[in-house]
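Worksheet: one structure, shown below.
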Amino acid sequence: MIAVRLPEGIEDRLDRLAKMTGRTKTYYVREAIVEHLDELEEIYLADQVLENVRAGKEATISLDDVMRKHGLEN
């Protein structure tokens, strides 16, 4: 179980939406989390990879090398 404190304006919007649609506020909070969790995970992972690249802990390959490797040269 998770308890979430929201700014008053967001809470008001969520409350209005729930009342207008007959759904619960919990439903909409759950939907928002499910909708954006993949995106948040990708952003976090991308940040981690970028830190590793900058620290020299992760190798990179140029686009030209990738194209050549897969026979996609011009």
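In segment 52-65, the residues that are of a type in the set (S, T, N, Q) reach residues that are in a helix (DSSP H, G or I) and open to solvent by less than 90 Å² (accessible area, probe 1.4 Å) with C-beta atoms within less than 9 angstrom, at least six apart or across chains, in these pairs: Thr60/Val53. Among residues of segment 18-31 that are within 17 Å of Met1 (Cβ to Cβ), those with a Cβ under 8 angstrom from a residue that is open to solvent by 80 Å² or more (accessible area, probe 1.4 Å), sequence gap 6+ or separate chain, pair up as Val29/Val4.
Restricting segment 45-63 to residues that are exposed (fewer than 10 other Cβ atoms within 10 Å of the Cβ) and assigned to a helix (DSSP H, G or I), the residue that is farthest from the chain's Cα centre (by Cα) is Leu63.
Checking Gly9, Gly22 one by one, the residue that is of a type outside the set (Val, Ile, Thr) and at positive phi is Gly22 and no other. The set of residues in segment 9-44 that are among the hydroxyl-bearing types (Ser, Thr, Tyr) and within 16 Å of the chain's Cα centre (by Cα) contains only Tyr44.
Tell me yes or no: at least one residue of segment 19-42 is open to solvent by 90 Å² or more (accessible area, probe 1.4 Å) and either touching a Cys at 6+ places or on another chain (Cβ under 9 Å) or not in a helix (DSSP H, G or I) (or both). Looking for residues that are open to solvent by 90 Å² or more (accessible area, probe 1.4 Å) and either touching a Cys at 6+ places or on another chain (Cβ under 9 Å) or not in a helix (DSSP H, G or I) (or both), one finds at least one in segment 19-42, hence yes.
The values are calculated or read from the model by the stated rules, or taken from the named source; none is laboratory data. The structure displayed is predicted, hence computed values, not measured ones. Cβ coordinates were reconstructed from backbone atoms using ideal geometry, including for glycine residues, and neighbour counts include every protein chain displayed. Heavy atoms of the whole protein, side chains included, go into the accessibility calculation; ligands, DNA and RNA do not. Shrake-Rupley method; radii C 1.70, N 1.55, O 1.52, S 1.80 Å.
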